[in-house]
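Only one structure is covered here, and it is reproduced in the block below.
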Amino acid sequence: MVPEFERCLASYCAAPHAVAVSSATAALHMACEALGVGPGDRVWTSPISFVASANCARFCGASVDFVDIDPLTRNMSLELLQAKLVIAEHQGTLPKVVIPVHFAGSVCDMAALAKLAQKYGFFIIEDAAHAIGGSYGETPVGACQYSDVCVFSFHPVKTMTTGEGGVAMTKNAELADKMRRFCSHGIIREPSQFCGQEQGAWVYEMQSLGVNYRMTDMQAALGIQQLKKLPQFVTKRRALWARYQEQLADLAVILPAELAQAKSAWHLYVIELREADRRQVFDRMRAHNIGVNVHYIPIHMQPYYQTLGFKAGDFPNSEAYYQRALSLPLFPDLSAQDQDSVVAELREAIK
Ligand SMILES: *Cc1c(COP(=O)(O)O)cnc(C)c1O
């Protein structure tokens, strides 16, 4: 079932290679490994993401740095990235990999990012954990039109799920091979690729160190069915998303924006409270049984990253966004009636 699921994903995304694994975290790690990230290398990502976007570099012994967000898109700011690259070039500290995160499903300006990648010589891994089902221009996210690798998550909270699971998409056959090898113990079974002499049909060679990040057939079977429903999941999310936009237009909140050149996957609906106290609104809504959430605590504010030297004030846009952010419930089966009560409770809470 795993190769079948991989073929379905490759076909859906119009990318030649899909390597399905046990999680997006695993996929990010093996993508970094396959790109040769190691001690002494630098990987940059956005502070407004799940911790896995940064941790993958640490697994490989590389150092992590962040580029602050654009307050409008909440994605990594390309202006700030460019400014940071200019300084890094002078100091000889350019990143090996940049990991843009399509936050909430809203796709980054990949064409502009790819221009910077070409100029400054870094690889791009898209963290598209929120963005399966979205597109950039006419091209689905996952096609890797402007990136080396694109990673999706199939964790239960994501747009489609395999219980736990993830995949790395790529156009590059060599990268796909390296990732496959790494996620299955570094073992090779193809005799033509052996370094030793052929000794019998039982022989396999472990030529490099690997892990076991394999996806199970049971997960893949679920994924094949989920993928068939993906267009319908995305359509429903889109409609609910648009309904929130309409119903909240008169409130003292900042609504999510959309890039003109891309179609979001509408994974999260995040507002920012202009005046009301986020803690009070959050607690009140939770007390009324509404599953609000906060995405995300800026990664550099996590105690682990503070021990690496990051501190409050390092990425002011991200920190200001975090103080005000509130994610409202958004999932395909959310009924219009329930959505209306979310809006009504929010109105009350903001008063
Ligand atoms: C969920 C998520 C991940 C990690 O996905 P897993 O499949 O749970 O490992 C990584 N990055 C982002 C942006 C996510 O939302």
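Once the Cα atoms are used to define both axes, helix 110-120 deviates from the longest principal axis of the chain by about 50 degrees.
Considering only alpha-carbon pairs that sit under 8 angstrom and 6 or more positions apart, the relative contact order computed for the chain is 20 percent. Once backbone amide H atoms are built at 1.01 Å from N, A262 has G137 as its partners under 5 Å, excluding neighbours fewer than 5 places away on the same chain.
Just to check I understand the Karplus step: with θ = phi - 60° and J = 6.51 cos²θ - 1.76 cosθ + 1.60, what whole-Hz values come out for the range 215-221, glycine and proline as x? Working through the residues one at a time gives 7, 8, 5, 5, 4, 5, 4 Hz.
Residue by residue, the range 153-158 carries 3J(HN,Hα) couplings of 10, 10, 4, x, 7, 7 Hz when phi is fed to the Karplus relation 6.51 cos²θ - 1.76 cosθ + 1.60 (θ = phi - 60°); x denotes Gly or Pro. Which order do W44, W241, W202, W266 fall in if you start with the one that has the fewest other Cβ atoms within 10 Å? Result, fewest neighbours first: W202, W241, W44, W266.
I want to verify the translational diffusion coefficient of the range 186-284 in µm²/s; compute it with Stokes-Einstein, Rh as the Kirkwood radius over Cα pairs, at 4 °C and 1.567 mPa s. Please list the in-between numbers first.
Values: Rh = 19.2 Å.
The Stokes-Einstein estimate is 67 µm²/s.
In this Cβ point-charge picture (+1 for Lys and Arg, -1 for Asp and Glu), the range 161-284 has a dipole of about 360 debye about its Cα centre.
Computed over neighbours whose Cβ is under 13 Å from that of N317, the net charge equals -4, Lys and Arg +1, Asp and Glu -1. Taking amide H atoms as placed 1.01 Å from N in the peptide plane, the amide H of T45 lies under 5 Å from those of D65, F66, V67, I99, each 5 or more residues away in sequence or on another chain.
Charge tally for R180 (other residues, Cβ to Cβ under 12 Å; Lys, Arg +1; Asp, Glu -1): -1. Panel order for F152, F122, by other beta carbons found within 10 Å of each beta carbon, from fewest to most: F122, F152. The range 85-156 and the range 1-45 have Cα centres lying 13 Å from one another.
Restricting to Cα atoms and excluding each atom paired with itself, what does the Kirkwood estimate give for the chain in Å?
Evaluated on the chain, it is 21.1 Å.
Can you tell which of F233, M215, A201 lies farthest toward the positive end of the dipole of the range 177-233, using +1 and -1 charges on the Cβ of basic and acidic side chains (Lys, Arg; Asp, Glu)? Checked the options; the winner is F233. The residue among G61, L72, V43 whose Cα reaches farthest toward the positive pole of the charge dipole of the range 35-81, with charges on the beta-carbon of Lys, Arg, Asp and Glu, is G61. Taken one residue at a time, the phi angles of the range 35-46 give Karplus couplings (6.51, -1.76, 1.60, θ = phi - 60°) of 7, x, 5, x, x, x, 8, 10, 10, 10, 8, 8 Hz. Gly and Pro are set to x.
Each reported figure results from applying straightforward, stated rules to the coordinates on display, with no laboratory input. Since we're looking at a predicted model, the values are computed, not measured. Cβ: placed from backbone, ideal geometry, glycine included. Neighbour counts: every protein chain shown.
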